[in-house]
Amino acid sequence: MTEDMIRYDILVQNALRGVIRKVLTEVAKTGLPGNHHFFITFVTNAPGVKVSNRMREQYPEQMTIVLQHQFWDLDVTETAFDVGLSFSDVPEKLHVPYSAIRGFYDPSVNFELEFDVENSDTLSAVPEAAAGADEVPDAEPAKIPAPARKKAKAEKEEDEDGDETPNGGADVVSLDSFRKNK
């Protein structure tokens, strides 16, 4: 088999992360349209991630945030986004590089993207607040945790109109088919 010198897998992941950047840019300008909202899972000890020590201690490996009703100061750049969220009534400001994102899910339209994030052996030094925390598992496609997905599905089925929404499967874009076998 020929070696992939171009690294299409990386190019595809970067292009799909561009989808997230484009969506968040529009939301920052005009707000969330319709029933759209997002579950974003990211690796908390990935390079460039900035969260408070309290949040890093609570989520030493990864966390999922929801951008729906109560978020503020969404600022989107070419490489990352900043957002204000409240956790147990404590306001927090998060800085998340797109390279740290493991999953993006919009339950209003059953759209999901999954990404590989380099394992902890290739990450830069872990901040002291996360010292002693479990390492990030070896890179494998991450999915939005089942409890978050079930909650989103339940919310979608019980929308304001009381209408039930069909329970179709999510559109999952898996990058495994683009990876070279070792």
| remark: Here the qualifying pairs (Cβ atoms under 7 Å; residues six or more apart or on different chains; first in the range 72-92 and touching a residue at least 24 places away in the same chain (Cβ under 8 Å); second of a type in the set (D, E, K, R)) come out as D75/D82; V76/R21; F81/D75
| note | Those strands (runs of 3 or more DSSP E) completely within the range 7-97 that have 2 or more residues that are surrounded by 19 or more Cβ atoms within 10 Å (Cβ to Cβ) and under 16 Å from the mean Cα position of the chain (by Cα) are 38-43, 62-67, 80-87, 90-97
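Computed from the coordinates by the stated procedures, all read-outs in this text should not be read as laboratory data. Here the structure is a predicted model, which is why all the values come from computation and not from measurement. Here Cβ is always computed from backbone atoms with ideal geometry, including for glycine, and neighbour counts include all displayed protein chains.
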